[in-house]
Ligand code: ATP
């Protein structure tokens with residue numbers, strides 16, 4: 001197991017900066033997600049941690065030792081790729097044994113360790129089958145087996161489930177998380193799928209254009225997004241953004257939206273001018289008592305809940321409400337927002353004031 005500490009890590013490819021100075025710490029045994037849209041620099045960050053790419057500057061500490069310039073082979077880590085890199089002409093046992101045999105581990109020990117890994121992954125019955133004829137899921141398990149068998153300090157995974165279809169992907173995600181809980185090794189996992197990150201991760205780093213936008217537990221990131229980008233990227237449907245001209249002081253507890261006072265949590269910073277009120281769809285309520293009104297544009301039935309799209313004086317929003325409520329397209333309804341969960345964003349990058 002290992003603690004991994006990243007300090008001011010940066011990567012340039014010629015004139016292009018793929019990763020801007022990034023800092024975060026991955027605690028021993030954590031399942032840690034690097035999340036962001038395509039091209040945001042998550043794979044480059046992972047490859048630097050794994051020793052497959054040299055940093056332009058900054059430091060990587062594994063268990064207190066600076067390893068930034070050390071090759072992958074000297075970092076005692078295992079990398080699991082998206083495409084299962086197996087040896088097609090060998091059977092499952094041989095594929096899993098290979099890393100140990102090439103390290104010169106005695107044959108009897110190899111046998112015991114491969115069988116132990118096969119038990120963990122529940123692939124005992126296919127150990128003597130050629131990998132060529134295996135299903136995608138079994139191939140992925142074998143690839144994992146080959147990584148686990150070395151008992152590395154940490155696992156690095158780059159979209160390992162990316163090649164699987166949606167249903168099977170969910171099943172494998174659960175398996176991977178359960179596997180992590182059984183063996184407890186620090187795992188760093190790259191994904192562009194926010195749901196996967198929320199479901200699997202102990203902690204998440206959200207990246208955009210090479211910048212770490214936020215770093216924390218899934219619930220922290222969902223409830224208190226540090227930037228508008230994070231608020232928009234996490235959650236489905238995403239957070240609503242109501243634009244307004246106004247102000248809020250340090251310690252302020254409300255904003256004025258189209259002449260209506262809306263209570264918000266105490267503000268840590270003050271700002272004025274063009275501001276944005278962030279409201280999660282599930283925190284919008286319909287209330288006859290409210291004079292802040294929206295017109296129902298569309299409804300989408302989702303079983304126990306429905307998503308209602310409304311136009312308001314401050315732009316279009318979506319509300320997630322119970323399907324038991326009757327809503328008609330074209331009608332005007334009073335709207336209330338749950339004041340404990342609102343966020344206000346300001347500035348060019350849309351940083352959270354609360
Ligand atoms: P994806 O999910 O698409 O792989 P990512 O977030 O993992 O995206 P990276 O692969 O880290 O992103 O790439 C970040 C940026 O750096 C991209 O714009 C990419 O084109 C660029 N890049 C990556 N590797 C190189 C390289 N070897 N030379 C030049 N540019 C590179």
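A few points about this structure:
- With contacts taken as Cα pairs under 8 Å at a separation of at least 6 residues, the chain carries a relative contact order of 16 percent.
- GNM result for the chain, Cα springs below 10 Å: residue of 314, 240, 208 fluctuating most strongly: 314
- Taking the C-alpha atoms of segment 286-326, convex hull volume expressed per residue in Å³: 64 Å³
- Across the alpha-carbon set of segment 104-235, the Rg to Rh ratio works out to 1.04, Rh being the Kirkwood radius.
- Length-normalised contact order for segment 171-313 - Cα pairs under 8 Å, 6+ apart - percent: 13 percent
- Helix 92-102 axis, angle to the chain major axis (alpha carbon atoms, nearest 10°): 70 degrees
- For segment 237-352, alpha-carbon Rg and Dmax in angstrom: 14.3, 42
- Cα-based radius of gyration for segment 1-124, normalised by 2.2 N^0.38 Å, reads 1.26.
- Within a Gaussian network of the chain (alpha carbon springs, distance under 10 Å), most fluctuating of 223, 158, 288: 288
- Semi-axes of the equivalent ellipsoid of segment 105-181 are 22, 16, 11 Å, computed as sqrt(5λ) over the eigenvalues of the C-alpha gyration tensor in descending order.
- Residue-normalised convex hull volume from the C-alpha trace of segment 4-228: 128 Å³ per residue.
- For the chain, share of DSSP beta bridges that run antiparallel, in % to the nearest 5: 75 percent
- For segment 181-308: rounded, prolate or oblate by the Cα gyration tensor [a/c cutoff 1.5]: oblate
- Angle between the chain longest axis and helix 136-148 axis [Cα atoms, degrees, rounded to 10]: 70 degrees
- With Cα atoms, 0 to 90° folded angle of helix 166-183 axis to the chain main axis: 70 degrees
- Max mean-square fluctuation residue, GNM over the chain, Cα-Cα springs under 10 Å, options 275, 101, 127: 101
- Hypothetical label at residue 266: residues of segment 212-250 whose amide nitrogen lies under 16 Å (7 Å Cα-Cβ projection): 249-250
- Using C-alpha pairs below 8 Å separated by at least 6 residues, the relative contact order for segment 237-352 is 30 percent.
Every read-out reported here was derived from the displayed coordinates using simple, explicitly stated rules and does not represent laboratory data. Since this is a predicted model, take the numbers as computed values, not measurements. Using ideal geometry, Cβ is built from the backbone for each residue, glycine included, and neighbour counts are taken over all protein chains shown.
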